[in-house]
Amino acid sequence: MTSLLCTLGGELYGFDAASVDEVVRMPWVTAVAESPADVRGVVDYRGSLVVVIDPALRLLGALRPMSVDAFLVVLRAGPDRVALVVDQVHGLRDAVARPPPDAFTAPPFVVGHVEDDAGNLVTLLDVTTLLRDDVRELVVRTRTSQQVLA
């Protein structure tokens, strides 16, 4: 499997490259009232609204300040697109994912691990499972509201 490797809060994570549409520099993000804590807002991505999610809350336990130096990884999560905030993007890596060790109870969004070129462990994530139910609901509402307006 080819994975896109990224850094978030000093930790290495990877996403299935087949689900990645594009990596972009942090654009202007419009806040959404009464949205879940890890939803930073929405962006106009090629004429469509895409929900911007900061996975730091789910992965690291706390939100971080938004940085103009960050990147958005635009991914397909089922029929929807979402944009995840990451600190850095390190490129693609072809490797066979190893499942988490038996002694380690991994959350359902961790699909395995690979090593980067320096031998560092990279945690591979499933973006669809990474999204909490309330976030997924907002993503679906955003998509369906755009279809009604089209």
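The values are calculated or read from the model by the stated rules, or taken from the named source; none is laboratory data. Model, not experiment: these values are computed from the prediction. Positions of Cβ are backbone-derived with ideal geometry, glycine not excepted, and every protein chain shown enters the neighbour counts.
Out of the residues in segment 19-75 that are free of Cβ contacts under 8 Å to residues at least 24 places away in the same chain and surrounded by 12 or more Cβ atoms within 10 Å (Cβ to Cβ), which is nearest to the chain's Cα centre (by Cα)?
Residue satisfying both the conditions and the ranking: Leu57.
Of the conditions (1) crowded, with 17+ Cβ neighbours inside 10 Å; (2) in contact (Cβ under 8 Å) with a residue 40 or more places away in the chain; (3) within 30 Å of Trp28 (Cα to Cα); (4) among the hydrophobic types (A, V, I, L, M, F, W, C), Leu92 satisfies every one except a single condition; which number is it?
(1)
Six or more apart or on different chains, Cβ atoms under 8 Å: show the pairs whose first residue is in segment 119-141 and of a type in the set (S, T, N, Q) and whose second is exposed (fewer than 15 other Cβ atoms within 10 Å of the Cβ).
Matching pairs, first to second residue: Thr128/Gly78; Thr129/Pro108.
Of the numbered conditions (1) among the hydroxyl-bearing types (Ser, Thr, Tyr); (2) surrounded by 15 or more Cβ atoms within 10 Å (Cβ to Cβ); (3) more than 23 Å from Asp94 (Cβ to Cβ), Ser3 satisfies every one except a single condition; which is it?
(3)
Restricting to segment 76-89, what's the tally of residues that are farther than 19 Å from Ala18 by Cβ and buried (at least 19 other Cβ atoms within 10 Å of the Cβ)?
Total meeting the criteria: 1.
Tally the residues that are under 14 Å from Leu84 (Cα atoms) and either touching a Pro at 6+ places or on another chain (Cβ under 9 Å) or loosely packed, with under 15 Cβ neighbours inside 10 Å (or both), restricting the search to segment 6-16.
Looking only at that region, the number is 3.
Can you give me the number of residues within segment 95-112 that are at pLDDT below 85 and surrounded by fewer than 13 Cβ atoms within 10 Å (Cβ to Cβ)?
Count: 8.
Please go through segment 114-126 and pick out each residue that is modelled with pLDDT under 90 and either surrounded by 13 or more Cβ atoms within 10 Å (Cβ to Cβ) or of a type in the set (Ser, Thr, Tyr) (or both).
Val114, Glu115, Asp116
Give segment 80-110 a look and list any residue that's in contact with a helix residue (DSSP H, G or I) (Cβ under 7 Å, 6 or more places away or on another chain) and either of a type in the set (Gly, Ala, Ser) or in a loop (DSSP other than H, G, I, E, B) (or both), or say none.
Answer for segment 80-110, where residues must be in contact with a helix residue (DSSP H, G or I) (Cβ under 7 Å, 6 or more places away or on another chain) and either of a type in the set (Gly, Ala, Ser) or in a loop (DSSP other than H, G, I, E, B) (or both): Pro108, Phe109.
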